[in-house]
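What follows is a set of notes on a single structure, which appears directly below.
The values are calculated or read from the model by the stated rules, or taken from the named source; none is laboratory data. The structure displayed is predicted, hence computed values, not measured ones. Quick reminder, even Gly has a Cβ in these numbers, built from the backbone with ideal geometry, and neighbours come from all protein chains shown.
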Amino acid sequence: MKKIALSAVIAAVTLMSGCASILNDKVQKVNVASSNGKPITGNVDGATFTAPGVVSLTRAKAAKIIYVETEGCAKQTVVDNSVDPKFFINVLTGGAIGSTTDYATEKMWKYSDNVVISCQ
């Protein structure tokens, strides 16, 4: 009886969790640099950063806007999001429950690994 209950709990947890929700962190590390190779400062999601460097972007179903304060550089750069391929694996293996979890947690989204800010 205990084995059946344990098996049922394991099956429920497996079916209710999304693949991207398990494998992806809530934030994604993105490399940010300027087109001219010089240092820049800015902010994204209210967090200040200095580049070149790694910036943490919180996964969301909306694109991110990087605001740059450095003179001679584009004041705003849009970082588009896309669906992480892990989500599609989950659609095939986890069905509606797993994919709904991925969507609800917003961990199904990803951003480009490298962002270049246009500067003169």
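Restricting to the range 92-102, name every residue that is at pLDDT below 70 and crowded, with 18+ Cβ neighbours inside 10 Å. Matches in the range 92-102: Gly94, Gly98, Ser99, Asp102. For the range 43-63, the set of residues classified as more than 12 Å from Tyr111 (Cα to Cα) and part of a strand (DSSP E or B) consists of Asn43, Val44, Ala47, Thr48, Phe49, Thr50, Ala51, Gly53, Val54, listed by residue number.
Among the criteria (1) in a helix (DSSP H, G or I); (2) modelled with pLDDT of 95 or more; (3) of a type in the set (S, T, N, Q), the one Thr14 does not fulfil is (2). Exactly one residue out of Ile66, Ile40 is over 20 Å from Lys107 (Cβ atoms), touching a Gly at 6+ places or on another chain (Cβ under 8 Å) and modelled with pLDDT of 95 or more, and it is Ile66. With the condition kept exactly as written, say whether any residue in the range 59-80 is surrounded by 17 or more Cβ atoms within 10 Å (Cβ to Cβ) and in contact with a helix residue (DSSP H, G or I) (Cβ under 6 Å, 6 or more places away or on another chain). No, the range 59-80 contains no residue that is surrounded by 17 or more Cβ atoms within 10 Å (Cβ to Cβ) and in contact with a helix residue (DSSP H, G or I) (Cβ under 6 Å, 6 or more places away or on another chain). Can you find a residue in the range 107-120 that is crowded, with 17+ Cβ neighbours inside 10 Å, over 18 Å from the mean Cα position of the chain (by Cα) and modelled with pLDDT of 95 or more? For the range 107-120, residues crowded, with 17+ Cβ neighbours inside 10 Å, over 18 Å from the mean Cα position of the chain (by Cα) and modelled with pLDDT of 95 or more: present.
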